Amino acid sequence: MRCLLIQERRKPGVGIENGMLEVAAGKVRAYENVFDALRREVAEETGLRLTRIGGEETALTRTVNGYAVMSYTPFCTTQNLSGGYSIILHSFLCEAEGELLAQTDETRNLRWLSLDECRTRLQTRPEEFYPLHINALSLYLGQEKP
């Protein structure tokens, strides 16, 4: 059965966003390869090791005039147009293995949800989800047959 890893957001100083459902996410450090950042953030927040990241196999890197530049295609890109702070979020489809952490400083209640359960919760209670993840989750769940 295909599932999504969902967690409750617990980040210091974010107020009403705490407790919302989200997928693992984080920030890319200066000059960090986005795929390395994704592996690091998922490991830190969940304990899992990514075995596949969609789009990594087609990423293109070139070095010219002292600039190393990488182009890649995420599954979905989301920008908030209002809210707590400005952000652009790249979502990737990944596969992982390992044992889930019980919790971290930033997350609680990590769990696997069936696609049907996630689809139902997203349709009936979208306010439970972190707003920046709703469109990517909806896009993914719309492509996966119930």
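The values are calculated or read from the model by the stated rules, or taken from the named source; none is laboratory data. Everything numeric in this text was worked out from a predicted model, so none of it was measured. Ideal geometry is used to build each Cβ from the backbone, glycine not excepted, and the neighbour counts take in all protein chains shown. The area values use the complete protein model at the heavy-atom level, side chains included, leaving out ligands, DNA and RNA. Shrake-Rupley method; radii C 1.70, N 1.55, O 1.52, S 1.80 Å.
When you filter the GluC sites (Glu not before Pro) in the stretch 1-104 for DSSP loop state and at most 11 other Cβ atoms inside 10 Å of their Cβ, you are left with GLU99. Reported value for the chain: 129 Å³ per residue, from the convex hull of its C-alpha atoms.
Our coupling estimate for the stretch 90-101, obtained by passing each phi through the Karplus curve with A = 6.51, B = -1.76, C = 1.60 and θ = phi - 60°, is 9, 9, 10, 8, 9, 10, 9, 9, x, 9, 5, 6 Hz, Gly and Pro reported as x.
Rounded if a/c is under 1.5, else prolate if a/b beats b/c, else oblate: with a ≥ b ≥ c from the C-alpha gyration tensor eigenvalues square-rooted, which is the stretch 61-102? Oblate, since a/c reaches 1.5 and b/c is not below a/b. Orientation-averaged projection of the stretch 7-78 equals 6.3 nm² [convex hull of Cα atoms, one quarter of hull surface area].
Helical content of the chain, expressed as a calculated mean residue ellipticity at 222 nm, amounts to -7500 deg cm²/dmol (DSSP H runs of 4 or more residues, -39,500 (n - 2.57) each, divided by residue number, nearest 500).
Calculated accessible area for the stretch 23-146 comes out at 64 Å² per residue, all protein chains present (probe 1.4 Å; ligands, DNA, RNA ignored).
For THR107, nonlocal amide neighbours, meaning residues 5 or more places apart or on other chains whose placed amide H falls under 5 Å from its own, are ARG10. Here the accessible area is traced with a 1.4 Å probe on the protein chains. For the stretch 47-146, carbon and sulfur cover 50 percent of it.
Just round it to a whole percent: the fraction of Cα-Cα distances in the stretch 103-145 exceeding 17 Å. Of all Cα-Cα pairs in the stretch 103-145, 35 percent lie more than 17 Å apart. For the stretch 39-146, the relative contact order comes to 26 percent (Cα pairs under 8 Å, sequence separation of at least 6). Here the translational diffusion coefficient of the stretch 73-146 follows from Stokes-Einstein with Rh set to the Kirkwood radius across Cα pairs; for 25 °C and 0.890 mPa s it amounts to 173 µm²/s. Placing unit charges on the Cβ atoms only, positive for Lys and Arg and negative for Asp and Glu, gives the stretch 1-76 a dipole magnitude near 60 debye about its Cα centre.
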